[in-house]
Every structure is written in C-alpha cells, then in structure tokens.
Amino acid sequence: MIVAMQDAATEEQIQGVIERMVELGFNVHRTTGAAQTILAGVGKPDHFDVAEFKVLEGVHDAYRISSPYKLAGRSFRPEGTKITFPNGVVVGGEEVIVMAGPCSVESRGQILESAQAVAKAGGKFLRGGAFKPRSSPYSFQGMGIEGLKLMREVADETGLLVITEVMEISQIEPMLPYVDCFQIGARNMQNFNLLRELGHIRKPCLMKRGIAATIEEVLLSAEYILSGGNYDLMLCERGIRTYETATRNTMDISAIPVLKKLTHLPVLADPSHGVGIREFVPAMALASVAAGADGLLMEMHPNPEKAMSDGAQSMYPEQLEHLVAQLKQLAPVVGRSVK
C-alpha cells in the first residue's frame, strides 16, 4: 500500500499514519520528496481497508500497490531518485554521467593511465574489476584487494569516483573503504543473499540486468536491495542473450524507456557488454542517451590489444574522448547535459 501525505502534513500526522500501518502488520518505508512524504507499506497483513487511510489526518491519498515490486515502482518516488555522491556528482539528474575504465585492474601503471584518460574525457567514475567473475576458471581472475587499493589511489589522484564489482557477501566489508559504488554483475542479479546484504549497507549500488532476465525480474531483484533500506540503487541495461551471433549480446535499448516509466531508480547503459565489439560501442552509447539513460558504464583501456580481459570491446582513450564530445552535442536535444 502507498500512502501519500499532504504537502503540509505535520510530523505528528505522519507518525500517526506510520503507527497505524505498523499495527496492521506493514513494514513501512518512508521517502520524502520535494513536496510530500510517501509511505510504502510492504508485507502481508491479514486485513486492511485502504479507505481507512484516506480519511486520516494529513493524508492526501492512499491506494494498493498492484505490481509485485512495491519499492522499486515509480509510485514510491514519483519524482525519481537522485543519488548524490560525496564529491557532488549526482546520478539521476539532468547530467548524463560517464563511468569508464578497463575491464580489469592489471597494474598501477595501467589503471593510472586509464584514470587519467577518463578524467581528461570528462568522466566522473573510474570503473575496473578487482574481482572478476570469468566463464573459465583459467582466465585472469583479478588482483583482488590490491587492485582495489590501486583504484582508490589513482581515483583520488585524478578526482574520480570508484565503481567496481562485488561478487559475494564476504567481499563487502573489506571493499567498503575503497569503493564509492558497488556493482552487481549480470551473473549475480539473482544472487538474492548478496542482494539482501547490500540492502543493509548505506553505500550506492549499481545492478546490471541478467543475461536472460525480464524487466520484471530486474525490478524484483532491485526490490531485495530496496527492502533492506538502501534506496541508492541504479539499474543498468547491458544486453541480453538472444539467437543473434553478430554481436556478443543484444543491446536492448527499449528496456531503458520502459524502465524509466516503471521505476524511480536511475537507469544506466553498458554498451560495451551490450554489443561486445569496440566499433559499435559509440553508436549504442549515443542511442542509449537518446532513449533516456541517466549514465553510461563503458570499458576503455589504454592498450586494448594487450588487455587481460575484454580487449575486443574496450575503447581506446581517444575514442572515449571523441564519444563524450558527441554526447555533449546530443544531450541537449533530449533535455540533458554532459559536462
């Protein structure tokens, strides 16, 4: 159930409604927008009458939530979620945020060169894998905590934020000092134990769509994190597996406007994994922004031919710089900006 309070509702009136919801057996999630407070009641009370809440003091409206995702639905935050990071970067606002870097952290020199290129191009986040989930157990698995330390060090030097993938619950605590945003990879979109644990921390997360996940499944996975009280969550379209073999995955651009309609959460796109071929990444990035993406998560390597993973889909630094220049021209056409 959603209870929308009046703009002028007092704190006493809000608490009165919350108390009544708790009495009925609801777990109450509160969010305060620019003008009003929204109370989302989640749970399975034996019986409740929505009409009872419509007449409570300070209530503007109350209604049942028909969708299976209660907190991820746009009705929880009709104005949309904006995630503000310590350095002032906002995801979900007017600016389209660029996140870029190599698939894997390989050495200090490589990640420093990558960070410098990202900063020069106008990116706000350095992406890179310290822990790498690979299809083959014989492939490079990442540098682990040492890789994270390097990322944090060079990001601080270049004024960037750090986003990197977390693969299991045991990694969360040791990663906390080094990351600004946890990334949940496509393989872990339905790792519900991991999602529950990330819901208990107060650090932004980005969750990628699974390779064969429906949009409803994406939103239900998001619900696991939101239900723990962590509302700083971004979703990311990164391509799905279809019968097509011309590209690594099929970039589902249509998922972006659909998600923007269904959820209040910021929606990003990862065109690097979406197609898996370097020359097609810029076109998919531009199309994603045109479709409404709040940001782009892309792979860029200073020397892709020698990359230890995903070299074929990693842009050169000059390609990233050229792409950002194109994005600056496109963004105003769709009411956005790239700085």
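The values are calculated or read from the model by the stated rules, or taken from the named source; none is laboratory data. Given the structure is predicted, the values throughout are model-derived calculations rather than measurements. Virtual Cβ from ideal backbone geometry, glycine too; neighbours counted across all protein chains shown.
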Assess whether residue 68 counts as being in a loop (DSSP other than H, G, I, E, B) and at pLDDT 90 or above.
no
Please go through the stretch 237-291 and pick out each residue that is among the acidic types (Asp, Glu) and either closer than 18 Å to residue 81 by Cα or within 15 Å of the chain's Cα centre (by Cα) (or both).
237, 270
Does residue 81 satisfy being of a type in the set (Ser, Thr, Tyr), buried (at least 17 other Cβ atoms within 10 Å of the Cβ) and closer than 18 Å to residue 227 by Cβ?
yes
Checking residue 161 against (1) out of contact with any Leu (no Cβ under 8 Å at 6 or more places or on another chain); (2) crowded, with 18+ Cβ neighbours inside 10 Å; (3) in contact (Cβ under 8 Å) with a residue 40 or more places away in the chain, the condition it does not meet:
(1)
State whether one or more residues within the stretch 80-88 are within 25 Å of residue 179 (Cα to Cα), β-branched (Val, Ile, Thr) and in a loop (DSSP other than H, G, I, E, B).
yes
Got a number for residues in the stretch 300-337 being in a loop (DSSP other than H, G, I, E, B) and out of contact with any Gly (no Cβ under 7 Å at 6 or more places or on another chain)?
10
Is one or more of the residues making up the stretch 202-218 in contact with a Pro (Cβ under 9 Å, 6 or more places away or on another chain) and either surrounded by fewer than 20 Cβ atoms within 10 Å (Cβ to Cβ) or assigned to a helix (DSSP H, G or I) (or both)?
yes
Would a scan of the stretch 160-169 turn up a residue that is in a strand (DSSP E or B) and not aliphatic (A, V, I, L, M)?
yes
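Every residue, every condition in (1) hydroxyl-bearing (Ser, Thr, Tyr); (2) in a loop (DSSP other than H, G, I, E, B), yes or no:
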residue: 247; (1), (2): yes, yes
residue: 252; (1), (2): no, yes
residue: 258; (1), (2): no, no
residue: 261; (1), (2): no, no
residue: 265; (1), (2): no, yes
residue: 274; (1), (2): no, no
residue: 279; (1), (2): no, no
residue: 283; (1), (2): no, no
residue: 289; (1), (2): no, no
Qualifying residues in the stretch 1-34 (those that are at pLDDT 90 or above and in contact with an Asp or Glu (Cβ under 6 Å, 6 or more places away or on another chain)) - the one surrounded by the fewest Cβ atoms within 10 Å (Cβ to Cβ):
13
